[in-house]
Amino acid sequence: MAEGLKWFQCPVCKESIHWEVPTDELKEVKRFPAPIVIKHKNHYLICYLDSHRQLADTEVAIAFIKGESKE
Ligand SMILES: [Zn+2]
């Protein structure tokens, strides 16, 4: 298994999700657990990674809304 590759069972559809830990992005993270949004089919999950890049928690996002801020 490649380094940084993780998998877990999707809490929504119960399928296995394989995903790669975004190593570069995590270098900028100063606070853990760090939330990462994963799109799986038509639903979104929020995974929390601890400072050892281990999966600390998983949440199901009930809705995904693209927000845009105004100047
Ligand atoms: Zn799923």
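Here's the picture: charge each Lys and Arg Cβ at +1 and each Asp and Glu Cβ at -1 in the chain, and of THR58, CYS13, TYR48 the one pushed furthest to the positive end of that dipole is CYS13.
When +1 charges are put on Lys and Arg Cβ atoms and -1 charges on Asp and Glu Cβ atoms, the dipole computed for the chain relative to its Cα centre reaches about 140 debye.
For the chain, lysine pairs separated by 8 or more sequence positions, or belonging to different chains, with Cα-Cα distances below 17 Å total 6. Value of Rg to Rh for the chain, rounded to two decimals, is 0.99; Kirkwood radius and Rg both from alpha-carbon coordinates.
Values in this text are rule-based calculations from the coordinates and carry no lab data. Model, not experiment: these values are computed from the prediction. In this analysis, Cβ positions are derived from the backbone assuming ideal geometry, glycine residues included, and neighbour counts consider all displayed protein chains.
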